[in-house]
Amino acid sequence: MKILGEALPQLQSTMASMSQGCSGGSNGVPPLNWSGRQAPGNQAVITLSNARVLLATSQPSDAAAMEKVKQEINTGLSQWDTLISSLSLSCSGGEHGENPVYYGRYVAFRDILKTQLQTAMRFL
């Protein structure tokens with residue numbers, strides 16, 4: 001699935017952006033508790049990578065393998081959503097915190113990726 005191959009480097013570069021996503025410092029600063037927040041993002045990358053490998057090494061006629069691919073993709077998307085959701089108001093400032101500078105882009109990327117992968121899974 002080409003989408004997974006393209007998405008994995010984008011996930012990693014998006015996480016790098018998030019790691020310095022709050023205003024401050026010369027290049028930005030991490031969201032509060034970044035080490036804890038990034039864990040589901042790292043898990044999403046691992047899980048989606050596993051789905052890609054499984055898809056590449058399985059026969060399309062292997063229903064159990066295709067179901068496992070779908071499960072891995074759904075789990076990866078859920079983990080990615082957990083990361084994105086955790087970023088809301090995760091920067092210091094304001095009365096209750098502020099969103100990272102590119103928070104809207106992170107949300108849009110998540111939504112597009114989710115739509116693309118869910119569409120592709122219909123063909124598995």
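The values are calculated or read from the model by the stated rules, or taken from the named source; none is laboratory data. Since this is a predicted model, take the numbers as computed values, not measurements. Cβ coordinates were reconstructed from backbone atoms using ideal geometry, including for glycine residues, and neighbour counts include every protein chain displayed. In case anyone asks, the SASA skips ligands and DNA or RNA and just uses the protein heavy atoms, side chains included. Shrake-Rupley method; radii C 1.70, N 1.55, O 1.52, S 1.80 Å.
Quick notes on this one:
- Of SER88, TRP34, PHE123, farthest towards positive along the dipole that unit charges on Lys, Arg, Asp, Glu beta carbons give the chain: PHE123
- To the nearest ten degrees, helix 34-57 and the longest principal axis of the Cα atoms of the chain are 20 degrees apart.
- Between 0 and 90 degrees, the angle of helix 2-18 with respect to the longest Cα principal axis of the chain falls at about 20 degrees.
- DSSP-assigned coil residues among chymotrypsin sites (Phe, Trp or Tyr not before Pro) in the range 87-124, each with at most 15 further Cβ atoms within 10 Å: PHE123
- Residue-normalised accessible area of the chain, given per residue in Å² at a 1.4 Å probe: 56
- Ignoring aspartates and glutamates fewer than eight residues from LYS70 along the same chain, the ones with Cα atoms less than 16 angstrom from its Cα are ASP62.
- Sequence-distant aspartates and glutamates (8 or more away, or on other chains) whose Cα lies within less than 19 Å of LYS2: GLU67, GLU72, ASP111
- Descending semi-axes in whole angstrom, ellipsoid equivalent of the range 18-79, from the Cα gyration tensor: 35, 10, 7
- Highest-fluctuation residue, VAL45, VAL29, VAL69 considered, GNM on the chain with Cα pairs under 10 Å: VAL29
- Note on the chain: helix-only mean residue ellipticity at 222 nm, from DSSP H runs of 4+ residues weighted -39500 (n - 2.57) and normalised by residue number, equals -23500 deg cm²/dmol.
- All Cα-Cα distances of the chain, cut into 5 Å bins from zero to the largest, leave 2, 11, 21, 21, 15, 11, 8, 5, 3, 1, 0 percent in each bin in turn.
- Carbon + sulfur, % of accessible area of the chain - ligands and nucleic acids excluded, 1.4 Å: 51
- Once the Cβ-Cβ distance of SER61 and GLN116 is raised to the sixth power relative to R0 = 30 Å, the FRET efficiency obtained is 0.80.
- Projected-area mean, the range 1-48, by convex hull of Cα positions, square nanometres: 3.5
- Considering only TYR103, GLN10, GLN79, the residue lying farthest towards the positive end of the dipole of the range 7-124 is GLN10, judged by Cα position with unit charges set on Cβ.
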